[in-house]
Amino acid sequence: MKKIIKYILINVLILTAVSNSQIKLPKAARKSDQRYRVALQYENNGRYMEALQIFKQLWAANPTNMSYYRGVKNNLLNTKQYTAAIEAAEKMLEIRNSYYIAADIGEIYYKLDQQEKAFSIWNKIINENKKNPAAYQAVANSMLSNRLFDEAIQIYQQGRKNIPTNTIFLIELANLYSSRIDYQNATEMYLEYLERMPNQYSYVESQLIRLAKNIEEVEPIANIIKERIKNGKNIYIQKKLLAQLYVNDSNYAAALKEYEDIDDLMSNMALEDQSEWGKELFDFAGNALRDGAYRFSEQAFRMVIAEHQNSPYISRSFYGLAESSYLQKKYSEALEAFQQITINFPKSTEAQNSWIRIGQIYLDHLNEPGTAKEAFEKVIQNFSVSDQHFDASFYIAKCDIRAGNLAAVQRRYENMLKMKNTSDLVIEKTKYRLALLKFWQGKFDESLSYLDEIIDVKTIIFNHNKGFFVNDALELSMLIRENLADKKILESYATSRLLVEQNIYDEAIKKLTELEKEKPPAGLIEHILLMKGELFTETGNYEQAIDVYRKIVKQYPDGLKRDIAQKRIGDVYLQQLKDKQKAIEEYELVLTKYPKSLLLEDVRKIIRKLESR
């Protein structure tokens, strides 16, 4: 919903801006611009004769306008009026002596199957302008419009011989070779360009990665780079390219080896700027960590720690190691590592983040809310106000919820709303948490009051920084309003949600099962069953979770949550039962049975990722 509202707002602003800019244009110019846009639309829709008529009228009124000429020429070609197209190009050439217009004439003759005439015109342009890059560009573009790829390559090669500029046409040639899947020449061109223009590293890297994806193989390109490394050409840059190719191919073992070499090279450079020490290894470790390649991220973090004691990346490397353990659910190991960071780097950002992680481990995985609360309080006590302060405050509230101290939770939220310089995100999150608190307590009117503040459309439209929790607020608001007539059932459901928040799963499942037997309204039953499925998954009862989700899919054909339930079946097979093939089968049912689902894109990404393994 937030995205939709922002999308509408942006389009309103764009339309307003366009409207304002048009008001400033003279009436005749504004009318021509409108007609030009109509002609383009006709052309894009294949209505070439209608487009041609408008372009002819526009060009007649403004014969020096290249866009109008192009419209006439292109649509004469679209309607196969080649003789008229030649006449149009020759007329424009008299008005504007341009290589591009001259090349157009050659292009038209080629379409007339007069190839000898076409090449004669193109060759004449080149021969009379051997030192002018624009001439080669014009002829090559004209050839490419006729799919003469090899001939265009020859033109650019001729240009490189005739014009003594090292970088000229390297990119054009590289892109042409790439489009022809000629990885050998494409790679050579990109590498030669990079050798002469080292500041274009990012561009060349992206192009080589794209080329590797097109040919679905990294090694042919990697081998070319390795040959350059053997010849001693720009070893640092070449190895960095090679490493990134391997990273994008998920070959972290090979990538790490290259980054080790890069680190050695940087050490041998005797860099005076210590801020660069260990940087490449650290960046690789972070990327591997984000990609879930924990073994390699840990190796890289340990290398930074072992080899670069004075590097500014030391504390972050220790944190990366701890984070790796946390993400692998090695909570005891992670806890010890995070605690060590708070001792060794007590005032660092990593220490602040470590206290958050320590609290999360005690709260979510060791079920010790009291100890967790102490960790979160360290963030507020020992560090200046930051986003982590508010994160810690929300976590402290969770600890109090877990302990059943709802009055303390309310006080904390209300105090957070009174704080100065609080971001819109924190304010909305706090209001939403207050709405949930009132909902759990059965105070539905008070809950709706907070939800209405979040959903206020005027506030969202005139302040694009708001609307973070609109979707959540709408869902809870609709749930309350649609089920207020059955207040006792709604109160029981709200209590069940509080039990879930307090990690009292068995009692929550029992209460939800009782609620299901009371035949709640259709809108509420899906929420009840989805929550039961989540709880069965959380408690390790995976088959029961699947059964509950299938019940939603099969027994409630008019339900609004069937696509969610179907996806969750796939999630259980993938994440808990580790059955990849069955997971794909279940995910594909989301695509076939619910073609209008908002989950389609996410599901497609999951399927593509699974099938590529």
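Of the accessible area of the chain, computed with a 1.4 Å probe over protein heavy atoms only, carbon and sulfur atoms account for 48 percent.
With all protein chains kept in place, the per residue accessible area of segment 50-156 amounts to 49 square angstrom at a probe of 1.4 angstrom. To the nearest 0.05, what FRET efficiency results for THR513 and ASN367 with a Förster distance of 22 Å applied to their C-beta separation? That gives a FRET efficiency of 0.40. Distances between every pair of Cα atoms in segment 108-179, grouped in 10 Å steps from 0 to the bin holding the largest one, split as 20, 54, 23, 2 percent.
Using R0 = 51 Å, the C-beta based FRET efficiency linking LEU599 and ILE168 works out to 0.55. Calculated from the structure at hand, Kirkwood radius over Cα pairs in Å is found among [x] 27.9; [y] 30.7; [z] 28.6 as [y].
Give me the number: length gained by fully extending ASP506 to LYS233, i.e. 0.36 nm times residue separation minus the C-alpha to C-alpha distance, one decimal in nm. My answer for the length gained is 91.7 nm. What angle do you read, to the nearest 10 degrees and between 0 and 90, between the alpha-carbon axis of helix 183-196 and the longest principal axis of the chain? With rounding to tens, the tilt is 90 degrees. With R₀ fixed at 45 Å, the C-beta to C-beta distance from GLU151 to LEU474 puts the FRET efficiency at about 0.15. Segment 356-411 and segment 74-133 have Cα centres spaced 74 Å apart. Distance between the pseudo-spin-label points of LEU40 and ASN123 (7 Å out from Cα toward the beta carbon): 3.9 nm. Segment 306-350 and segment 420-457 have Cα centres spaced 36 Å apart. In a DSSP loop and with at most 13 other Cβ atoms within 10 Å, the GluC sites (Glu not before Pro) in segment 512-613 are GLU518. Taking a ≥ b ≥ c as the square roots of the eigenvalues of the Cα gyration tensor, an a/c ratio of 1.5 or more together with a/b no larger than b/c marks segment 245-333 as oblate. Placing +1 on each Lys and Arg Cβ and -1 on each Asp and Glu Cβ, with no other charges, gives segment 22-113 a dipole about its Cα centre of roughly 580 debye. How would segment 429-582 be classified by its alpha-carbon gyration tensor: rounded, prolate or oblate, with rounded meaning a/c under 1.5 and the a/b versus b/c comparison settling the rest? Since a/c reaches 1.5 and a/b is larger than b/c, the shape of segment 429-582 is classed as prolate. Normalised per residue, the accessible area of segment 359-442 is 45 Å², obtained with a 1.4 Å probe and no contribution from ligands, DNA or RNA. Between ASP33 and ALA407, the contour length at 0.36 nm per residue exceeds the Cα-Cα span by 128.2 nm.
Which of MET416, GLN41, PHE119 sits farthest toward the positive end of the charge dipole of the chain, with +1 on the Cβ of Lys and Arg and -1 on the Cβ of Asp and Glu? So the residue we want is GLN41. Evaluated with a Cβ-only charge set (Lys, Arg +1; Asp, Glu -1), the chain carries a dipole of roughly 2000 debye about its Cα centre, given to the nearest 20. Computed about the Cα centre, the dipole magnitude for segment 21-176 is approximately 660 debye when only Lys and Arg (+1) and Asp and Glu (-1) carry charge, each at its Cβ.
Rg then Dmax, both in Å and based on the Cα atoms of segment 288-380: 13.2, 39. Put simply, the Cα atoms of segment 470-531 extend 29, 25, 18 Å along their principal axes, the longest span coming first. Just to confirm the number: angle between the C-alpha axis of helix 580-593 and the first principal axis of the chain, 0 to 90 degrees, nearest 10? Around 80 degrees separate the two axes.
Taking a ≥ b ≥ c as the square roots of the Cα gyration tensor eigenvalues, with a/c under 1.5 meaning rounded and otherwise prolate when a/b beats b/c, else oblate, which class fits segment 518-613? The shape class here is oblate. The modelled label-to-label distance for the pair GLN184/ASN421, using points 7 Å beyond Cα in the direction of Cβ, is 6.3 nm.
On full extension, the segment bounded by GLU87 and ASN344 gains 84.5 nm, given 0.36 nm per residue less the C-alpha separation.
Packing order of peptides 547-560, 62-75, 409-422, highest average first: 62-75, 547-560, 409-422 (average count of other Cβ atoms within 10 Å over each peptide's residues). Per residue of the chain, the DSSP helices (runs of n ≥ 4 H) give a summed -39500 (n - 2.57) that works out to -24500 deg cm²/dmol at 222 nm. In this structure, the pairs whose alpha-carbon distance is over 30 Å, taken from LYS429/LYS582; LYS398/LYS511; LYS510/LYS567; LYS420/LYS561; LYS532/LYS596, are LYS429/LYS582; LYS420/LYS561.
The values are calculated or read from the model by the stated rules, or taken from the named source; none is laboratory data. Quick caveat, the model's predicted, so the values are computed rather than measured. Backbone-built Cβ (ideal geometry, glycine too); neighbour counts: all protein chains shown. Heavy atoms of the whole protein, side chains included, go into the accessibility calculation; ligands, DNA and RNA do not. Shrake-Rupley method; radii C 1.70, N 1.55, O 1.52, S 1.80 Å.
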